[in-house]
Structures are given as C-alpha cells and as structure tokens.
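The values are calculated or read from the model by the stated rules, or taken from the named source; none is laboratory data. On a predicted model such as this, the values are computed, not experimentally measured, just so you know. Positions of Cβ are generated from backbone atoms using ideal geometry, with glycine treated the same way; all protein chains shown enter the neighbour counts. Each accessible area value is taken on the protein alone, full model and side chains, heavy atoms only, with ligands, DNA and RNA left out. Shrake-Rupley method; radii C 1.70, N 1.55, O 1.52, S 1.80 Å.
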Amino acid sequence: MLQITLKTPAEINKMRKANMIVYEVLQAVKEMGVAGVTTAEMDAKATEIIQKAGAVPTFLNYVPAGSRVRPFPATICASKNEVIVHGIPDKVPLKDGDIVSIDCGCKIDDFCGDSAITFAIGKVSSLAERLMKTTELCLTSAIAQCLVGNRIGDISNAIQTLAEKAGFGVVRDFVGHGIGHIMHEPPHVPNYGRAGQGRILREGLVIAIEPMITQGTYVVEVLHDGWTAVTKDRQLAAHFEHSIAITKNGPIILSHP
Ligand code: MG
Ligand code: MG
C-alpha cells in the first residue's frame, strides 16, 4: 500500500514544473472556450503543449488501481454542464450557455501536477455563474486551511460549509488526494467533513484539493462508458483544483504562478 510521502523544499520546487505546464494547458483551453469549438480540439491542444514541454500526460490510459474500467482515452477530462468529472473529450461543438470543467495532469522530472478549472461558454445563467464562483471560493477557503498543524478535516469542512451555505451540494464519491511521484497518493482529501478531525497536516505534504460542487443533489451516476460522472438529477456541477504544498511559511499553490 502507498504511504504518505513528505517532500523536501527541493522536491516541492520540482513539483512546480509539472504544475506550471498544467497551468499553461488550462489557460490555453480556457482561451479556446467559445461556441463552436469542441473539447476534442481542446484535448489536442493540451497534448501538444504537454509534449512540447517534454512532459507526459498522466490521464491518458489511466486506470484507477483495482479497477477494470477501460483506460481513460484522453489527455484532459472535459466535463460539460451536468458532468461532474471524468468527461471524455468529444466532437460535439460547445454552445453558448454551457459550462465546462477541464481537468489536466502531467508528469515531468518524475513528479506530477494536477489542476482543474470550470469556465463559461458565452453567456450563462446567473445560477451557473454563482455555482462556478462558489466552487472557486470553496477552493480558496480550503487553501487558507493548509497550515502546518491543521487537519485534513479543516480543509474538508471549509469547502462543505461554504458550499452548503450557498445552497449547493458537495460530491462525496470523489475526493482530493496526495500527489508526488504518483498522481493519486494518500491521503484522501474529502470535500466534506468535520473541522479538527483527520490527519495532521505536516510540512512537506503536497495535496490536490478539488471541490466538486453541484446545483442540486450530490448523488453521482457514472455513465456506460465507465468514466463520465454526472449528477443523478442532471443539474449543473462545477470543479476547481489546485496542487498545494504545505510549508512552514504557509501554503504554496504549485499550479498557479
Ligand atoms: Mg485533476
Ligand atoms: Mg486530482
């Protein structure tokens, strides 16, 4: 079984490289985000950027440990509207009013990066705007809890409290995670839970925090492709993610300059 690993300052520095490539991908696909563009085109752009940087996409051909699902077929996850996470890029043109979450991971110098954003195509409903804004705020308030001596539950609770106060749902079936040489390392970082509980955050812990927030129910359904996770009520979902290093000087967001 995998163990929690604590990274040295030099290793944390190295982890910035993979994460900054992911950042570049997310900026590029967001700029592409207008009606008529397809998520398959975004996926091709992501692959190009990662290859040019000399990195390797970590989602492509990914199979979760112990799972018999077919390998993930793309560089990015592209999750539209009611899709929460793990959407497969396709050739359906995006249209005004869509919201799309792009999640990307890559590996370089033997370390992984992982980050996700949600953005609007054209003009979206004020509710969709509020859902995206709230999810991003959940991530910001979670990062503020990333202090040596705090606990995982402090992160979880910050997300849940903010989301539920806004009247939204918090997905239980997928959680954040440690990250390092491997994309999904322990510990789990749930988006729900009680403050003051769970593991103590130690210097050198690097985690991916990724709130997945829903307009209605947080109950998830996975489609027949074995990947696409949608809200059971088919209402909207949003997803933001950063890779965060916990240091004695406070949190470092590795996936943002
Ligand atoms: Mg991710
Ligand atoms: Mg992740």
### Task
Choose one of GLY97, PRO71, ILE4: the residue whose Cα lies farthest towards the positive end of the charge dipole of the chain (beta-carbon charges +1 Lys, Arg; -1 Asp, Glu; about the Cα centre).
ILE4
### Message
Binning at 10 angstrom from zero up to the longest distance, how are the C-alpha pair distances of segment 112-254 distributed in percent?
### Response
13, 42, 33, 11, 1
### Query
Counting Lys and Arg as +1 and Asp and Glu as -1, each charge on the Cβ, what is the dipole of segment 148-257 about the Cα centre in debye, to the nearest 20?
360
#### Entry: Accessible area of VAL222 in the full protein assembly, 1.4 Å probe (Å², nearest 10)
80
### Summary
Share of accessible surface on carbon and sulfur in the chain, whole %, 1.4 Å probe and ligands ignored, is 54
### Query
Which residues' amide hydrogens lie under 5 Å from the amide hydrogen of MET212, considering only partners 5 or more residues apart or on another chain, with H built in the peptide plane?
VAL171
### Task
Can you work out the accessible area per residue across segment 9-251, with the rest of the protein chains kept in place, probe 1.4 Å, in square angstrom?
43
### Query
Under a 5 Å amide H to amide H cut-off, with H placed in plane at 1.01 Å, what residues pair with ARG199 once short-range neighbours are removed?
ILE152, GLY153
### Charge dipole magnitude, Cβ of K and R +1, D and E -1 - the chain, Cα centre, debye nearest 20
420
## Note on the structure
Computed over the chain, the distribution of all Cα-Cα distances in 10 Å bins, rounded to whole %, is 8, 33, 38, 19, 2
### Backbone N within segment 225-239 under 19 Å of label point (7 Å from LEU127 Cα along the Cβ vector)
230-239
### Normalised contact order of segment 9-251, rounded percent, pairs of Cα under 8 Å and 6 or more residues apart
22
### Task
Apply the Karplus parameterisation 6.51 cos²θ - 1.76 cosθ + 1.60, with θ equal to phi minus 60°, to every residue of segment 144-156 and state each ³J(HN,Hα) to the nearest whole Hz, in sequence, with x for glycine and proline.
4, 8, 7, 10, 3, x, 5, 10, 3, x, 5, 5, 4
### Query
Karplus couplings for segment 196-207 from phi (6.51 cos²θ - 1.76 cosθ + 1.60, θ = phi - 60°), rounded to Hz, Gly and Pro as x?
x, 10, x, 5, 6, 7, 10, 4, x, 6, 10, 10
